[in-house]
Structures are given as C-alpha cells and as structure tokens.
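Colleague: Next up is a structure, given as structure tokens.
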Amino acid sequence: MSLKATINYSPNFNIKKRSKKSIKFLIFHYTGMKREKRAIQRLTSIQSEVASHYLIKSNGKIIIFVPDLYIAWHAGASAWKKYNLLNKNSIGIEISNPGHQFGYKKFSSKQINSLVKLSKFLIKKYKINRKNILGHSDIAPLRKKDPGEKFPWEYLAKKNIGYWHNLNKNKLINARNKKCNKILKNKFFTYLYRIGYSKNYKNQNEKLFIKAFQRRFRPHLINGIIDQECLLISKNLA
Ligand SMILES: [Zn+2]
C-alpha cells in the first residue's frame, strides 16, 4: 500500500532518529487557526517550535512535515497510561479546522476519507493498537480541546480506527442528566484511569477533565457534569 502525499519539511523535530517499534500511538489534532495557509506556515516555521508528521487539508490533500521515524513536536506536556511526553512514542496528525477559538466546523468528508486512508496505512505499518489512537485532549485534557466533539470517533471506530462503546442508544438517553452520588463519581474517575487517562490531572480542574472525556466519548453533551450516561460509557470502555 502506498500513500499519496506531498512533502513540505518542517525543522521542528528531534535530530535523533527513533526505532520503528517505539511508535505506539496516533494522536489526532486540529490546527485551530483561521486560515489553513497560516497553519501550514506555523507548522513549518522554526520560530513556532511545533510540527506534526502529517496535515490533512480541507480539500483532503495530505502533507508530510516530518518523516515518521523522527520525533515531531506536536503533543507538548502529555500523559496516557504509563507514558509521559507522548511525542517520542507517537505520530501526530493535524486536520485543518479553525477550532473552538475561530468557528469550529464539521470536518469535511474529503478530510475524513483521507484520514481513514492515512490511519489504516500507519496502523498496519507500525502495528498500532486501536486503543492507542487518541485525541490531543485525551493526553492533555486540561490544556487542549482538539480534535473536539465534531471529530467522528464513532464512525472511525467502525473502520477499526480507535474505539467506541457498544451501549444501546435508548439506554443512554434514559441515563442522560441523571445525577450521580459521590460514590458513583469516584467510580467514574476509576474507570477513566483504567481507560488510560492520567492521574496527573486528579484534583486539578475536575470540570475540564470531565469535559475532555465527554468531547471524546459523549460528544452530544459537554457540560463537565458526571451523569449516569457518562458513568455507563466509562464503565463500558474501562
Ligand atoms: Zn493539538
């Protein structure tokens, strides 16, 4: 399988090459800038000190900024399971979108088609576990919202990219907005840690932490409140 992409190298990577087997995660981002052109400039300019490996443009075209075997600077301070600073173990994929700050919009079907192709290519090449396909907000929940609640995780999971719960929709609707007591709330966090969310964020900003989970797994209602629906979903995934 080959990949159709154009190359536009970025200087924002570590000089030292990594091994193929050190690549364990795919991390999805949105660019979060008004204009795509500016996003490309930023991801390739030495001053910004940020780069992903790939960018998927609005028209679905793929750009390579950094070859897979070099560590690109896309995740920043981050944690998941026993991993810290995930740049060294991940491939970063940016998807063009203005993001929450500049008019967050639906990802185009051309973008998603390209993302499916690219992800399948990388999953096969590096034998990436579907549970290691994450959003930036999963690994940096207090700092980041990307790729956000409009990102089609459920659809991608059907294509074996990432994962989703297998709960009945009516069961979830019935549980929505139903309150949880202190014991159930604690259970919710236990499930989150089992899923992989880092304990580093415990007791810092609970609301943001809950919202990060919701953006990823309960995208139709992001309110930072643990209800019975959140509890069911987290339990199902843990
Ligand atoms: Zn990001």
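Colleague: Name every residue in region 165-221 that is closer than 25 Å to Y83 by Cα and not in a helix (DSSP H, G or I), in order of residue number.
Modeller: Within region 165-221, H165, G196, Y197, S198, K202, N203, Q204, N205, R218 qualify.
Colleague: Of (1) open to solvent by 10 Å² or more (accessible area, probe 1.4 Å); (2) closer than 18 Å to P147 by Cβ; (3) not in a loop (DSSP other than H, G, I, E, B), L55 satisfies all except one. Which?
Modeller: Result: L55 fails condition (1) only.
Colleague: So, one more: Count, please, the residues in region 24-40 that happen to be away from the ligand (no atom under 15 Å from the Cβ), surrounded by 16 or more Cβ atoms within 10 Å (Cβ to Cβ) and part of a loop (DSSP other than H, G, I, E, B).
Modeller: Total meeting the criteria: 1.
Colleague: In addition: Considering only residues that are in contact with a Lys or Arg (Cβ under 9 Å, 6 or more places away or on another chain) and in a loop (DSSP other than H, G, I, E, B), which ones fall in region 1-23?
Modeller: Hits for region 1-23 are M1, L3, K4, A5, R18, I23.
Colleague: State which residue is most open to solvent (accessible area, probe 1.4 Å) when the search covers only region 222-238 and only residues that are hydrophobic (A, V, I, L, M, F, W, C) and not in a helix (DSSP H, G or I).
Modeller: I225
Colleague: Continuing with the same structure: Determine the pairs where a residue that is without any contact (Cβ under 8 Å) to a residue 40 or more places away in the chain, located within region 35-56, has a partner that is assigned to a helix (DSSP H, G or I) with Cβ atoms under 9 Å apart, the partner being 6 or more residues away or on another chain.
Modeller: Close Cβ pairs satisfying both conditions: S48/Q41; S48/R42; V50/R42; V50/L43.
Colleague: Can I ask one more? Considering only residues that are of a type in the set (A, V, I, L, M, F, W, C) and at pLDDT below 95, look in region 1-22 and name the one that is farthest from I93 (Cα to Cα).
Modeller: It comes out as M1.
Colleague: Still on this model: So which pairs qualify, if the first residue must be in region 62-73 and closer than 12 Å to S10 by Cα and touching a residue at least 60 places away in the same chain (Cβ under 8 Å), the second must be open to solvent by less than 20 Å² (accessible area, probe 1.4 Å) and assigned to a strand (DSSP E or B), the Cβ gap must be under 9 Å, and the two must be at least 6 apart or on different chains?
Modeller: Sorted first by the residue in region 62-73, then by its partner, the pairs are A72/S90; A72/I91; A72/G92; W73/G92.
Colleague: Let me ask something else. Taking the criterion of being over 28 Å from L192 (Cβ atoms), touching a residue at least 24 places away in the same chain (Cβ under 8 Å) and within 15 Å of the ligand (Cβ to nearest atom), would at least one residue in region 79-96 satisfy it?
Modeller: Yes, because at least one residue in region 79-96 is over 28 Å from L192 (Cβ atoms), touching a residue at least 24 places away in the same chain (Cβ under 8 Å) and within 15 Å of the ligand (Cβ to nearest atom).
The values are calculated or read from the model by the stated rules, or taken from the named source; none is laboratory data. Bear in mind that the values here come from a model prediction, so they are computed numbers and not experimental data. In this analysis, Cβ positions are derived from the backbone assuming ideal geometry, glycine residues included, and neighbour counts consider all displayed protein chains. In case anyone asks, the SASA skips ligands and DNA or RNA and just uses the protein heavy atoms, side chains included. Shrake-Rupley method; radii C 1.70, N 1.55, O 1.52, S 1.80 Å.
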